[in-house]
Amino acid sequence: MYSEKVLEHFRNPRNVGKIENPDGVGKVGNPVCGDVMVMYLKIKDNVIEDAKFETFGCGAAIATSSMATELIKGKTIEEALSVTNKAVAEALGGLPPHKMHCSVLAEEAIQAAINDYLQRQNHGNGKA
Amino acid sequence: MIYLDYNATSPCHPKVIETMLPFFGEKFGNPSSLHTMGQEAKKAIEESRAAIARCISAREEEIIFTSGGTEANNLAIRGVVKAYQKKGNHLITSQIEHHAVLNVFKALEKEGFTVTYLPVNQEGLVDPGDFQKAITPQTIFASIMHANNETGVIQPIEELASIAKEHGIIFHTDAVQTAGKLPIDLGKLPVDLLSASAHKFYGPKGTGFLYVRKGVRLIPQLLGGAHERGRRGGTENVPLIVGMGKALEICTQEQEEENQRIQALRDFLESGILAEVPEVIIVGRRSPRLSNTSLVLVRYVEGESMLLNLDFAGICVSSGSACTSGSLEPSHVLLACGYPHEIAHGSVRFSLGKWNTMEEMKEVVRVFSSIVEKLRHISPFGKEVIRNV
């Protein structure tokens with residue numbers, strides 16, 4: 001039911017783990033629903049230098065987390081914010097219909113992590 | 001390939017295949033035909049019926065052939081309820097039934113019946129006291145499964161059926177997971193109806209049977225010819241029925257020895273997993289259980305991701321996680337046992353059978369513990385229980 005690409009990313013997920021002193025962290029999902037994604041970002045000069053993730057969830061949840069981090073690495077914040085769940089799913093060669101919510105979670109994780117970064121920036125600016 | 005999903009289905013026993021083969025080709029007659037070819041087929045299905053009746057201490061005329069467990073359950077529940085609906089409109093079942101039972105009751109609720117869904121305790125058992133309390137003067141029918149397909153927990157069917165009998169309630173049990181695996185003596189066991197499915201006991205898919213105690217009325221659900229004494233229309237599936245009889249005979253003969261052998265493997269597997277993987281729960285371990293089933297809950301990881309990784313390693317299992325069912329809810333059985341959602345999402349069911357070996361169990365323990373460790377590395381939870389960080 002999964003594409004080769006989904007299985008490949010699930011089997012060898014890219015960018016697993018935490019980033020020490022991240023510039024932005026986004027946590028989405030809920031263990032009760034069976035899916036939790038945490039995304040960590042390192043951002044310099046408006047560009048995502050590094051992205052890592054930790055995910056509790058099914059094959060599609062892990063594969064979409066892996067693909068989402070791959071898609072946003074090296075991108076500007078604006079470019080990363082425009083990565084949609086469809087883009088993540090398409091990059092994986094598609095997802096079964098009942099797994100599309102996993103790609104939504106990946107999009108939400110990107111946005112949550114970037115929003116966290118932007119808030120920290122605002123706080124920093126406010127203090128300075 | 002290591003196959004540990006026998007509760008989902010089993011391969012046909014080679015002797016079963018051998019017995020079935022002539023009935024696809026040269027012995028192709030329709031059992032309803034009066035000529036020699038037809039009568040040859042008729043004789044074959046009646047011999048199968050007699051063999052099945054012997055295995056469960058029933059009478060031949062009490063066995064109805066069906067297309068499998070789902071049809072047997074539908075026929076039992078709907079057939080009896082519709083025959084007795086003038087006597088009352090209350091029905092009793094449990095929260096942990098297979099969907100082939102649960103969804104029939106849900107449909108009957110829409111048709112005006114009242115249904116009580118009995119809870120289970122954390123060990124997966126229905127309490128006969130709860131059953132007794134649920135009975136009202138309106139109760140006409142109850143259905144409680146013999147053993148649960150996910151946990152393997154064996155329900156106190158004898159006691160439940162006796163209570164039903166005292167109250168004049170017709171009692172059905174879904175024995176799809178126990179036929180061939182546990183002794184069933186309908187001379188002593190006071191159940192009125194019992195469902196079974198051939199492919200769970202090394203017979204072919206697409207056939208099963210319903211036992212209906214003599215004197216219990218049943219409205220047929222498939223209308224057609226006068227097949228199966230007018231209780232189930234449709235030309236009998238001769239090769240599959242012949243295979244089912246052979247399969248149940250073999251399982252009954254080998255039952256005691258096989259159960260001991262398989263239980264030793266299952267117990268080894270469970271001890272290995274408990275020793276190698278921190279924070280796991282084995283469901284129903286303190287209850288009477290099928291000797292082949294082990295339902296393992298692993299904290300901090302999700303069931304489908306364990307299943308897929310085991311599959312990569314050539315090991316076939318099932319999971320009751322939401323992500324394997326196409327719904328977002330985890331197993332209704334685990335929720336009924338009182339496990340919270342986040343733990344119920346992390347289930348893996350190992351179900352063993354005739355062709356498993358000790359070498360395979362050692363391999364599974366080794367592979368499974370490394371898979372759980374890998375997934376816990378990916379998970380944001382439970383880092384403290386990983387040893388090699």
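The values are calculated or read from the model by the stated rules, or taken from the named source; none is laboratory data. Quick caveat, the model's predicted, so the values are computed rather than measured. Ideal geometry is used to build each Cβ from the backbone, glycine not excepted, and the neighbour counts take in all protein chains shown. Ligands, DNA and RNA are stripped out before the accessible areas are found, and what is left, the full protein with its side chains, is counted by its heavy atoms. Shrake-Rupley method; radii C 1.70, N 1.55, O 1.52, S 1.80 Å.
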Check: Of the beta bridges DSSP finds with both residues in chain B, what % are antiparallel, to the nearest 5?
Finding: 55
Checklist line | chain B - mean residue ellipticity at 222 nm from DSSP helices (-39,500 (n - 2.57) per run, n ≥ 4, rounded to 500) | finding: -13000 deg cm²/dmol
Next item on the list: Please give, to one decimal in nm, the separation of the simple spin-label points placed at B:GLU18 and A:GLU70, each 7 Å out from Cα toward the Cβ.
Entry: 5.2
Next item on the list: Over the whole of B:374-380, what's the average partner chain Cβ count within 10 Å per residue? Rounded to a whole number, please.
Entry: 6
Item checked: Simple label model, 7 Å out from Cα along Cβ direction - A:GLU79 to B:SER162, nm -> 7.5
Next item on the list: Please report the relative contact order for segment B:14-250, taking Cα pairs under 8 Å with a sequence separation of at least 6, and give it as a percent rounded to a whole number.
Entry: 28
Checklist line | Accessible area, probe 1.4 Å, largest first, for residues A:HIS9, A:HIS123 | finding: A:HIS123, A:HIS9
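Quick one: accessible area per residue over segment B:14-250, 1.4 Å probe, rounded to a whole number of Å²?
Accessible area per residue: 40 Å².
For B:TYR117, B:TYR211, give the ranking by accessible area with the largest first, probe 1.4 Å.
Ranking B:TYR117, B:TYR211 by accessible area, largest first, yields B:TYR117, B:TYR211.
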Next item on the list: Describe numerically, in nm with one decimal, the distance between label points set 7 Å from Cα along Cα→Cβ at B:ASN30 and at A:LYS86.
Entry: 5.4
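Under DSSP H, which helices of chain B have Cα atoms covering 18 Å or more of the helix axis and a Kyte-Doolittle average no less than -1.0? Don't skip to the answer; put the middle values down first.
Working: long enough: B:36-55 (28 Å, -0.51); B:69-84 (22 Å, 0.02); B:238-276 (48 Å, -0.12); B:358-378 (31 Å, 0.03).
Span-like helices here: B:36-55, B:69-84, B:238-276, B:358-378.
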Check: Per residue, what accessible area does chain A have, given a 1.4 Å probe and all protein chains present, in Å²?
Finding: 45
Item checked: Stretchable slack from B:GLU359 to B:ASP267, in nm (0.36 nm times residue separation minus alpha-carbon distance) -> 31.7 nm
Checklist line | Percent carbon-and-sulfur accessible area, segment B:1-142, ignoring ligands, DNA and RNA, probe 1.4 Å | finding: 55
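Within 10 Å of each Cβ of A:58-64, how many other protein chain Cβ atoms are there on average?
Neighbouring Cβ atoms belonging to other protein chains average 6 per residue here.
Past the 28 Å Cα-Cα mark, which pairs from B:LYS106/B:LYS205; B:LYS133/B:LYS188; A:LYS5/B:LYS106?
With Cα atoms farther than 28 Å apart: A:LYS5/B:LYS106.
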Note to self: How charged is the neighbourhood of B:LEU118? Take every other residue with its Cβ under 12 Å from the Cβ of B:LEU118, and add Lys/Arg as +1 and Asp/Glu as -1.
What the structure shows: -2
Notebook entry, point to check: Cα to Cα, under 16 Å, and not fewer than 8 places away if on the same chain: which lysines meet these conditions relative to B:LYS200?
Noted result: B:LYS15, B:LYS181, B:LYS246, B:LYS354
Notebook entry, point to check: In whole angstrom, how far apart do the alpha carbon centroids of segment B:248-285 and segment B:170-245 sit?
Noted result: 27
Checklist line | Solvent-accessible surface (1.4 angstrom probe) belonging to B:HIS99, in square angstrom, nearest 10 | finding: 90
Checklist line | Hits among lysines - C-alpha to C-alpha of B:LYS86 under 19 Å, sequence gap 8 or more where chains match | finding: B:LYS110, B:LYS165
Margin query: Interface size between chain B and chain A, please: total buried accessible area, 1.4 Å probe, rounded to the nearest 100 Å².
Written below: 2000
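Going through segment B:1-53, which chymotrypsin sites (Phe, Trp or Tyr not before Pro) have at most 15 other Cβ atoms within 10 Å and a DSSP loop state?
Those that pass, being in a loop and sparsely packed, are B:PHE24, B:PHE28.
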Item checked: Two-site FRET efficiency, B:ARG217 against B:ALA8, from Cβ-Cβ distance with R₀ of 41 Å, rounded to 0.05 -> 0.75
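Provide the net charge surrounding A:VAL28, with neighbours chosen by a C-beta distance below 10 Å and charges set as Lys +1, Arg +1, Asp -1, Glu -1.
Charge balance near A:VAL28 sits at -2.
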Item checked: Part-to-part distance (alpha-carbon centres) for segment B:1-49 and segment A:36-79, which is given in Å -> 56
Next item on the list: Select from segment A:23-54 all residues whose loss of accessible area on going from the chain by itself to the full protein assembly reaches 40 Å² or more (probe 1.4 Å).
Entry: A:PRO31, A:VAL32, A:GLU54
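Taking the Cβ of B:GLN221 as the center, what net charge do the other residues with Cβ under 10 Å away carry, scoring Lys and Arg +1 and Asp and Glu -1?
Around B:GLN221, the charge tally is +3.
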